[in-house]
2 protein chains.
Amino acid sequence: MPRPRHTAIREQIEGLILSGVLKPGDRVPSEQELVAEHGVARMTVSRALSDLVAAGLVVRRRKAGSFVAAPPSEEKLLGVPDMRETLPGHAHAVLKRAVRVASGADRARLGALPKGARVLALLVRHDSQGVPAAMEDRLVSLDAVPEAAGESFVEAPPGTWLLERVPWTEAEHRIRAAAADTGMAAMLGMAAGAPCLVMERRTWRGDQPVTAARITWPGDRHEVTVRSSRGPLRG
Amino acid sequence: MPRPRHTAIREQIEGLILSGVLKPGDRVPSEQELVAEHGVARMTVSRALSDLVAAGLVVRRRKAGSFVAAPPSEEKLLGVPDMRETLPGHAHAVLKRAVRVASGADRARLGALPKGARVLALLVRHDSQGVPAAMEDRLVSLDAVPEAAGESFVEAPPGTWLLERVPWTEAEHRIRAAAADTGMAAMLGMAAGAPCLVMERRTWRGDQPVTAARITWPGDRHEVTVRSSRGPLRG
DNA sequence: TGGCGCATTATGTCTAGACATAATCCGAGG
DNA sequence: CCTCGGATTATGTCTAGACATAATGCGCCA
C-alpha cells in the first residue's frame, strides 16, 4: 500500500518535536495550515494530529490550537518518582562534576558516540530529611545536550533538569539487586554487604544517546513501582 | 459535549473482550455489522476499531475481519521475560498447592475479596539448567479464575498459564532489594543475607483482583529490564 | 485429484462537505 | 480601568460517498 498521507503528516510533526525545533508549549501548525500545506482534506490532518495526541506528543485545545505536550514526568516514565516530589525533605549535593572526552567505559555505558565526543560526568547524593537516600552516578552526552556543560545542577538535580529539556524517544531501565561495597555503604550510611536496589537508566533521542544514570538505593528504604493498564482508553 | 458515538461503540467491544465473552482469536463484529447495529457511517465504526487496534486489544486483517488480539506476553508487560522462553533449560516444580478460604493475609495481598472467597496458593521453584533460578509465591483468586482450581500447573507455570487465559486491565509491579532469609537462601542455593531482587506483581480485571505473585531472584543471577518509547509510532 | 487465477470481500484511506462545542478575543458598557 | 457577553475560531464529531488493497476461497482447467 502506498504510504498513507496522514502518516507522512504525522511524521513531519514528530520530526519537528523530537529534533527540538518545536519545544513543549510551542504551537504546532493548525489544521487549516496543514490542509493548505499538504493539499488534503481536514479529516486527514485531523487523523494525524489525533494520533499524535494518542502518543502523548501533542495536546489540542479548542479555539486555542494544538501544542507540543509537556514531556511525561519521570513518575510516568517508570514508577520512579521524581526525587524532589516524592522524598520528603529532599536535598541533593553534587559531589563530583567533570567534563571529559568519552573514555572506553563511558562509551560502554552510553552507547555509540562519535569519536572524541565529550561527556559530562556527575556524582550526586540525594538526601531525605538529612538522611542519605540514594547515590546517582550519571553521564550526559554533550553532543546531545550541549547546554548541560554550563549547568551547575544546584537548583534542580540532573534527572529533573534533563527531563524538562530534552525530548527523548527511547528509554531503558535495568534493575538489579546488589550488595553495597564499602564505599557505597559509607556514603549511604548502611552496612557493607547490605542489599541495594540498583537502577540503570539510559535514554536516547532517535539513535543518539542522551544520558545514562546509575542510581543506587538502600534496599530497605525504597521500592520501585510500575503500573500498567490496558484499555479502557482515555476518552 | 455529548458522548461520541465512536466511544460508545469502542466501549461496547472493550466490554465484550474484558469480560471474557470474546476470547483471544475470536472474531469481533465486522464494520458492516456494526454499521447496521448502530446506524452510523462506516468511518465512525472504523474509528472505534482503529482505537482498539491502537490499544492492542484487536487486530484486523483485510478480507478476514477483526479479531481479539492475543494478550501481550509477560515480556511486554514489564521486561520480565516469560520464564520458559528466557531461562535456558527452564524447568519448574510445584512445591505447594492449596485451595483455601482467603485469610486476612491473603486479602491484604490480593485486595478486596468477597467474604468467604476461595484462593489458590502456590509455591513454585523455577530452575535453569538444573540450578534454582527463582522462587514464586502466588495467590490466585478463584472468583476471578475458577478454572484454576482444577489445574495442576505441571505443563505451564502459573504465570504463563494465567497470562494466556485471563484478560487483565491493570497490573502493578513493586520491585525491591532484600536480603535472603535462611529458608529462601537454602531453596535458591545462595548464602543467607545475600541480596535478592523481589518482585511483587498484582493484576486486576476491572476492580476484581486476579492474582498476586511474589517472585524472588538471586541478585547476582537476574535483572529486570524495562523499555519504553515515545513515538515514532507503529505505522 | 491437484493447482492456479480470478472474483469477492473486509479493511484502509481519503474527500468535501456539515453541524456542534469550547474557549478565546474583543468590544461595549459600567 | 475592569468586567461581562457575544462574535469568532479551531477543534471534535459525523456522513455518504469513493477508490485502493490484500487475502480468502471458489471455480475452472489440467
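If one takes the longest principal axis of the Cα atoms in chain B, at what angle in degrees, from 0 to 90 and to the nearest 10, does the Cα axis of helix B:42-54 lie? Rounded to the nearest ten degrees, it is 10. Shielding value for B:19-26 is 0, the average number of Cβ atoms from other chains within 10 Å of each residue's Cβ.
Here the label points at A:R174 and A:R27, each 7 Å from Cα along the C-beta direction, are separated by 4.6 nm in the simple model. Per the Debye formula with a single identical scatterer at each Cα and no solvent contribution, what log10 I(q)/I(0) holds for the range B:107-148 at q = 0.24, 0.30, 0.31 Å⁻¹? At q = 0.24, 0.30, 0.31 Å⁻¹ the computed log10 ratios are -0.81, -1.03, -1.07.
In nanometers and ordered shortest first, the copy-to-copy spacing of the B:A112 label point, defined 7 Å from Cα toward Cβ, is 5.1. Could you state, as a whole-number percent, how many of the C-alpha pairs of the range B:74-218 are farther apart than 23 Å? Counting every Cα pair in the range B:74-218, those more than 23 Å apart make up 34 percent. Note on chain B: GNM, Cα springs under 10 Å; of B:A91, B:A64, B:A213, the largest mean-square fluctuation is that of B:A64.
Note on chain B: with a GNM built from Cα contacts shorter than 10 Å, the maximum mean-square fluctuation among B:K63, B:K96, B:K23 falls on B:K63. Other protein chain C-beta atoms within 10 Å of residue C-beta, averaged over A:193-199: 6.
For the range A:128-235, applying the loop criterion from DSSP together with a ceiling of 12 other beta carbons within 10 Å to the GluC sites (Glu not before Pro) yields A:E155.
Spatially close Lys pairs in the protein assembly as shown, defined by Cα atoms under 28 Å apart and a spacing of eight or more places or different chains, total 7. Comment: the Cα-to-Cβ extended label point of A:G15, at 7 Å, lies 4.5 nm from its counterparts in the other copies, nearest first. Picking from B:R125, B:R138, B:R174, which is most flexible by a Gaussian network model of chain B using Cα springs under 10 Å? In this elastic network of chain B, the residue with the biggest mean-square fluctuation among B:R125, B:R138, B:R174 is B:R174. Taking all Cα-Cα distances within the range A:7-150, those exceeding 17 Å account for 72%. Projecting 7 Å from Cα along the Cα-to-Cβ direction, the label point of B:R165 sits 5.3 nm from its equivalents in the other copies, listed shortest first.
FYI, it's all coordinate maths here, none of it is from the lab. Computed from a prediction, not measured in an experiment: that's the story for all the values here. No Cβ is skipped: glycine too gets one built from the backbone with ideal geometry, and neighbour counts run over all protein chains shown.
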